[in-house]
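Data block below; observations after.
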2 protein chains.
Amino acid sequence: MLKIVLLGGGNVAHHLFTQFSKNPKIELVQWYNRSIDAIQKFGQHTAVIDQIENLKEADVYLIAVSDAAIAEISAALPFQGKFVVHTSGNTSMDVIDSKNRTGVYYPLQSFSKNKPIQWNEIPLLIEATNEEDLQLLNKLAKSMTEKVYTINSQQRSRIHLTAVFVNNFVNHLYSIGADLSEQEQIPFEIFIPLIKQTTNSLDTTPPIASQTGPAVRGDHSTIEAHLGQLKDPLHKEIYKSITRSILKTHGREKL
Amino acid sequence: MLKIVLLGGGNVAHHLFTQFSKNPKIELVQWYNRSIDAIQKFGQHTAVIDQIENLKEADVYLIAVSDAAIAEISAALPFQGKFVVHTSGNTSMDVIDSKNRTGVYYPLQSFSKNKPIQWNEIPLLIEATNEEDLQLLNKLAKSMTEKVYTINSQQRSRIHLTAVFVNNFVNHLYSIGADLSEQEQIPFEIFIPLIKQTTNSLDTTPPIASQTGPAVRGDHSTIEAHLGQLKDPLHKEIYKSITRSILKTHGREKL
């Protein structure tokens with residue numbers, strides 16, 4: 001049994017709590033939060049506390065708080081030499097106070113309060129300063145998912161940048177698509193099967209090999225027609241910048 | 001029974017043939033292609049021909065050829081006053097020679113040769129010059145899917161533009177993501193669960209309400225850090241143009 005103490009009361013902490021409480025390989029020793037109100041109702045499942053000086057012995061102290069609060073809470077821990085990890089994708093391991101052994105336990109997913117998480121489908125990205133601690137995190141992660149990756153802080157920062165492209169930016173393109181179609185009384189739902197087909201093809205084919213559309217064909221007359229249809233200058237800019245990149249990537253004539 | 005003649009020998013024609021030959025509501029009278037070689041082997045299932053003057057009587061003549069060839073093949077039809085439709089998303093209905101009644105039967109999906117099509121999940125977008133023909137197309141479409149939409153040529157052109165954003169451009173962002181991650185020896189597969197989560201949320205939530213990332217938070221220091229990490233000027237341009245649009249859409253300070 002791995003003894004875990006959980007620190008924090010937000011979405012990630014709640015989803016981790018739900019998993020830990022039903023995971024037979026894990027003993028959740030305590031759940032700490034600055035405000036007891038957010039976690040009080042789980043007191044029948046684990047010891048909930050709001051006094052950091054009352055933390056008990058554990059194999060891993062898991063800090064699941066906002067990025068900005070990690071340094072402060074790690075400095076406030078009333079012990080040293082123990083294993084303390086944060087769960088942030090966008091924060092270096094060094095932010096954790098060096099009086100303890102440090103690590104990162106980062107689930108690559110967006111968490112919303114009411115949506116249950118299928119942990120066995122989520123990649124867990126782990127990092128630690130020493131090999132023994134890394135093995136411990138690996139054991140913890142493997143108890144939740146097969147998808148465990150050892151990733152250093154530089155790679156994690158690149159992952160964050162990549163996720164902006166493949167997740168945040170993609171979602172904004174969906175948003176523009178919804179705009180464009182609704183302007184012509186077209187229900188956006190008609191695009192969902194096409195969108196899912198593209199996403200599903202990632203399982204088997206690298207995206208560069210699945211590229212379709214006017215730019216990859218070098219079809220400049222369609223490109224010009226599309227630019228003529230777009231009214232919003234920001235949409236035009238996006239159309240041009242992505243089209244230029246597709247043309248270049250696929251060796252077509254410049255825009 | 002609806003009597004159909006299919007014209008063309010490409011991907012769309014093949015997928016339509018497969019559906020028609022097992023659809024109890026449809027009688028596939030003939031399959032015409034300029035070159036008999038491409039369709040010869042299906043001769044045991046339907047009459048295959050390469051002489052356009054031998055076309056028989058049918059309720060609908062379905063032209064599934066490349067956009068550029070629609071006008072020519074429709075002009076070459078050896079009859080008039082019959083109902084002739086094309087299957088192109090990007091071509092006006094008027095391109096069909098007006099000696100016949102015209103319509104459009106457009107499946108909104110990408111077709112690849114070897115991937116079977118789940119027709120009942122694909123939206124079929126129909127258009128016709130008169131109401132009776134529209135009802136006929138509606139009956140044909142409903143025999144294949146519940147997702148039937150009546151869409152005029154102007155809307156269809158907007159659908160094509162929208163699909164470039166939500167499908168072609170999205171796929172290119174995946175391609176850039178694969179590039180960025182592989183530069184740091186990160187397997188791109190780790191992003192797939194996150195990508196699918198975003199896509200699946202379209203079923204229940206408008207994309208504008210699911211926007212996450214630095215731009216929607218107005219987090220300019222992360223935006224600057226990301227721009228510093230990007231080496232390719234085309235990637236920088238894409239990052240800037242989409243970020244500007246997210247900032248504007250969500251009322252944040254300009255880049």
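The values are calculated or read from the model by the stated rules, or taken from the named source; none is laboratory data. Every value quoted in this text rests on a predicted model; they were computed, and no experiment measured them. Here Cβ is always computed from backbone atoms with ideal geometry, including for glycine, and neighbour counts include all displayed protein chains.
Okay, residues lined up against (1) assigned to a helix (DSSP H, G or I); (2) closer than 25 Å to residue A:67 by Cβ; (3) out of contact with any helix residue (DSSP H, G or I) (no Cβ under 6 Å at 6 or more places or on another chain):
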site	(1), (2), (3)
B:167	yes, no, no
B:172	yes, no, no
B:194	yes, yes, no
B:205	no, yes, yes
B:209	yes, yes, yes
B:221	yes, yes, yes
B:225	yes, yes, yes
B:234	yes, no, no
B:237	yes, no, no
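Being over 15 Å from residue B:63 (Cβ atoms) and not charged (D, E, K, R) is the filter; apply it to segment B:1-32 and report the residue that is farthest from the chain's Cα centre (by Cα).
Here the residue is B:1.
Residue-wise test of (1) of a type outside the set (A, V, I, L, M, F, W, C); (2) farther than 27 Å from residue B:21 by Cβ; (3) over 20 Å from the mean Cα position of the chain (by Cα); (4) not assigned by TED's automatic domain parsing to the domain that holds residue B:230.
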position: B:104; (1), (2), (3), (4): no, no, no, yes
position: B:108; (1), (2), (3), (4): no, no, no, yes
position: B:114; (1), (2), (3), (4): yes, no, no, yes
position: B:117; (1), (2), (3), (4): no, no, no, yes
position: B:138; (1), (2), (3), (4): yes, no, no, yes
position: B:163; (1), (2), (3), (4): no, yes, no, no
position: B:182; (1), (2), (3), (4): yes, yes, yes, no
position: B:194; (1), (2), (3), (4): no, yes, yes, no
position: B:202; (1), (2), (3), (4): no, yes, no, no
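Just checking, which of A:234, A:202 is aliphatic (A, V, I, L, M), at the interface with chain B (Cβ under 9 Å from one of its Cβ atoms) and surrounded by fewer than 20 Cβ atoms within 10 Å (Cβ to Cβ)?
Among A:234, A:202, only A:234 is aliphatic (A, V, I, L, M), at the interface with chain B (Cβ under 9 Å from one of its Cβ atoms) and surrounded by fewer than 20 Cβ atoms within 10 Å (Cβ to Cβ).
What number of residues within segment B:161-184 are surrounded by fewer than 21 Cβ atoms within 10 Å (Cβ to Cβ) and either among the β-branched types (Val, Ile, Thr) or more than 7 Å from chain A (Cβ to nearest Cβ) (or both)?
3
Give me a count of the residues in segment A:205-231 that are more than 8 Å from chain B (Cβ to nearest Cβ), among the polar types (S, T, N, Q) and either on the phi > 0 side of the Ramachandran plot or surrounded by 17 or more Cβ atoms within 10 Å (Cβ to Cβ) (or both).
Looking only at that region, the number is 0.
Of the conditions (1) more than 7 Å from every other protein chain (Cβ to nearest Cβ); (2) buried (at least 20 other Cβ atoms within 10 Å of the Cβ); (3) among the hydroxyl-bearing types (Ser, Thr, Tyr), residue A:241 clears all except one; give me its number.
Of (1) more than 7 Å from every other protein chain (Cβ to nearest Cβ); (2) buried (at least 20 other Cβ atoms within 10 Å of the Cβ); (3) among the hydroxyl-bearing types (Ser, Thr, Tyr), only one is false for residue A:241: (1).
Quick check: anything in segment B:245-252 more than 7 Å from every other protein chain (Cβ to nearest Cβ), in a helix (DSSP H, G or I) and modelled with pLDDT under 95?
No, there is no match, as no residue in segment B:245-252 is more than 7 Å from every other protein chain (Cβ to nearest Cβ), in a helix (DSSP H, G or I) and modelled with pLDDT under 95.
What residue, among those in segment A:151-160 that are part of a helix (DSSP H, G or I) and surrounded by fewer than 22 Cβ atoms within 10 Å (Cβ to Cβ), is nearest to the chain's Cα centre (by Cα)?
A:160
What's the total number of residues in segment B:36-63 that are among the small types (Gly, Ala, Ser) and at pLDDT 95 or above?
2
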